[in-house]
Structures are given as structure tokens and as C-alpha cells.
Amino acid sequence: MLIALIARDKPGALQTRLDNRDAHIAYLKSTGVVSQAGPLLDDDDGMIGSLVILEVEDMQAAQDWAANDPYAKAGLFSGVELIPWKKVI
């Protein structure tokens, strides 16, 4: 199943994002379940969150993946949503 992970950064947490970016990207590449991923941006192109499309067996697998993301472990996010998603185009 496809799951959209939508996470918003805590205010003022850009340095946390930058400090953990390499580990986060390595995690994205190594897990084999990421279809697409990238930062959410504000009007000035500043990074304010993340969008990750996961291809996993079930919601529990998505929850486990999200919990082990280095960004989540570093406390970057103010909130994370996991929403079933259907690709149309």
C-alpha cells in the first residue's frame, strides 16, 4: 500500500534538520520503501517539513518506518500524519 507521510517541523528547528539531513537521506535510500520524498517549503523556499511517499505492507510498517527516521529521532517534527494514498498520475 502507498502511504503519504506529511510532517511539519517544529518552529525554529532548521538547524536540527540540517544536522540530521545526511542520516535522513541515507535512511530514505537504505530502507527500500520510499517512492518519492522531499521537503515542504515556505514562501521563501525555506524547509518547513517533509513529504514522503512510502510503499509498505500495512499502516504498522509505515508507523515503524516513521518512528525510525533520523529526523523523528532527533525531535525535528511538531507532528506527523500517515495517510493512505492512491497514485493516479
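What follows draws every value from the coordinates through simple rules; no lab data is involved. What you see is a predicted model; the values in this text were computed from it and never measured. Here the Cβ positions follow ideal geometry from the backbone for every residue, glycine too, while neighbour counts run over all protein chains shown.
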Computed, not fitted: 222 nm per-residue ellipticity of the chain from DSSP H runs ≥ 4 (each -39500 (n - 2.57)), nearest 500, equal to -10500 deg cm²/dmol
Ordered by fewest other Cβ atoms within 10 Å, a rough proxy for footprinting exposure, 50, 30, 78 read 30, 78, 50
Using the Karplus curve 6.51 cos²θ - 1.76 cosθ + 1.60 with θ = phi - 60°, what ³J(HN,Hα) values do you get for each residue of segment 67-83, in whole Hz, with x for Gly and Pro? 5, 9, 5, x, 4, 5, 5, 7, x, 5, 8, 7, x, 9, 10, 10, 10
Lysine pair count for the chain [Cα-Cα under 23 Å; pairs on different chains or 8 or more apart]: 4
Take the eigenvalues of the Cα gyration tensor for the chain, scale each by 5, and report the square roots as semi-axes in whole Å, largest first. 21, 15, 12
Are there GluC sites (Glu not before Pro) in segment 13-89 that DSSP marks as loop and that have at most 15 other Cβ atoms within 10 Å, and which are they? 57
